[in-house]
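Novice: Structure below; questions to follow.
Rule-based calculations on the coordinates, nothing more; no lab input. None of these values were measured; they are calculated from a predicted model. Methodologically, a virtual Cβ is constructed for each residue, glycine included, from the backbone with ideal geometry; neighbour enumeration extends over all protein chains shown.
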Amino acid sequence: MNTRNKTTGTEPDAPQDVELDALFVAARQQGAAPSTALMGRILADAYDVAEAREIDPGDAPAPSLPARGRIRRALAALGGWPAVATLGAATLAGLWIGYAPPFAMSLPGVTGGEETTLAWAMPDISPLLTEDAAVDG
Amino acid sequence: MPLDFIEERSDEDLLALYAGGDRTAARALTLRLAPRIHALASRMLGDGAEAEDVTQEAMLRLWKIAPDWRPGEAQVSTWLWRVASNLCTDRLRRRRSVGWDIAFPEGTEPAADAPSVETGLQHRARAAALRAALANLPERQCTAITLRHLEGLPNPEIADVMGLGVEAVESLIARGKRGLSAILKGRRDELGFEE
């Protein structure tokens, strides 16, 4: 530029910094925005990579896990192996109590050597365990 | 997650959220970073399709590295600039290996007699001339000039991006500008720089 050249005294035929700056300004103004299609492809890549890593995006269905992974997650949700063992023992005890017939308990020494049964003290729930009772309600 | 909450988070926070499975964070990072990378690639390469390829590839590398990102070691944007500028440099090298005319048979430089008297056309002609001149600079000078004068990065950040010292960056920029001046010397009239 003439003004620049006069003030700086540089060679008149060489592009000066101010000329380069004008080119930089022009180039900055020519910048094109990325297309919607490009943005979509980039986002699709993001989701693909995330799903490949078997992470669980918050607003999408969880990717299917291998069986061992699902079992491990289910156990963790229940409180881990100790909680599951306790739950199993309680379940078995409940089944035994429910299905065992009324029992007799010996109380040696209480009545001078005679056996006293407690069967009379237990409610008779055997009808409730029959199929007929279950069907009749 | 609310968008206004997302917009306040740093790039690094968003990357960690994405690594944890937050799709909103991926959207925010795409909107925030992809246009800048696309602008850099467009200016370095001067080709829309190639710029899109570079942008998508750089972002893909970001998604892949997300779970292994170590907080505080580097800025996400700086890392991304580095990846994108390296991808551009690789493409510039390939172009030179096959020749500019073969890589761009229709020509990317403005015709010698292109009209440049009107402002819009002049801007386009100047931008195209600069792009062509940049493509003839050594790759590192081209990268440094683009990051400094077209993307507006400060020299210390350019140094991080390029893995150089600040003085080396300053030297690259100075030599690059001298190179541009030399390349464009014969086109001053055409570009509206009258005596």
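Novice: At 0.36 nm per residue, and after removing the present C-alpha to C-alpha distance, how many nm does the segment from B:Val166 to B:Leu121 gain when stretched out fully?
Specialist: Numbers: separation 45, 0.36 × 45 = 16.20 nm, distance 3.63 nm.
This chain segment gains 12.6 nm when fully extended.
Novice: Would you tell me the mean number of C-beta atoms belonging to other protein chains that fall within 10 Å of each C-beta in B:173-182, as a whole number?
Specialist: Numbers: counts 0, 0, 0, 1, 5, 3, 0, 5, 7, 2.
For peptide B:173-182, the averaged partner shielding equals 2.
Novice: Remind me, relative contact order of the range B:1-92 in percent, using alpha carbon pairs under 8 angstrom and six or more residues apart? Don't skip to the answer; put the middle values down first.
Specialist: Values: 74 pairs, mean separation 28.9, N = 92.
In percent, rounded to a whole number, it is 31.
Novice: Now for a separate question. Which residue fluctuates the most in chain B, going by a Gaussian network model with Cα springs under 10 Å, if the choices are B:Leu31, B:Leu172, B:Leu14?
Specialist: Looking only at B:Leu31, B:Leu172, B:Leu14, the largest GNM fluctuation is found for B:Leu31.
Novice: Normalising by the residue count of chain B, find the relative contact order in percent from Cα pairs under 8 Å and 6+ residues apart. Don't skip to the answer; put the middle values down first.
Specialist: Numbers: 177 pairs, mean separation 38.7, N = 195.
Relative contact order of chain B: 20 percent.
Novice: Which order do B:Arg187, B:Arg175 fall in if you start with the one that has the fewest other Cβ atoms within 10 Å?
Specialist: B:Arg175, B:Arg187
Novice: Calculate the FRET efficiency for B:Glu73 and B:Glu8 from the Cβ-Cβ distance with a Förster distance of 22 Å, rounded to the nearest 0.05.
Specialist: Working: r = 22 Å, r/R0 = 1.02.
Once the sixth-power term is evaluated, E becomes 0.45.
Novice: If each DSSP helix of 4+ residues adds -39,500 (n - 2.57) and the sum is divided by the residues in chain B, what number results at 222 nm, nearest 500 deg cm²/dmol?
Specialist: On the way: 10 runs with 133 residues, N = 195.
Helix-only estimate at 222 nm: -21500 deg cm²/dmol.
Novice: Tally Lys and Arg at +1 and Asp and Glu at -1 over the other residues with C-beta under 12 Å from the C-beta of B:Val166: what net charge comes out? Let's see the in-between values first.
Specialist: On the way: positive: B:Arg148; negative: B:Glu157, B:Asp160, B:Glu167, B:Glu170.
My count for the surroundings of B:Val166 gives -3.
Novice: Among B:Thr24, B:Thr55, B:Thr89, determine the one that fluctuates most according to a GNM of chain B built with springs between C-alpha atoms less than 10 Å apart.
Specialist: Most flexible of the set in this elastic network: B:Thr24.
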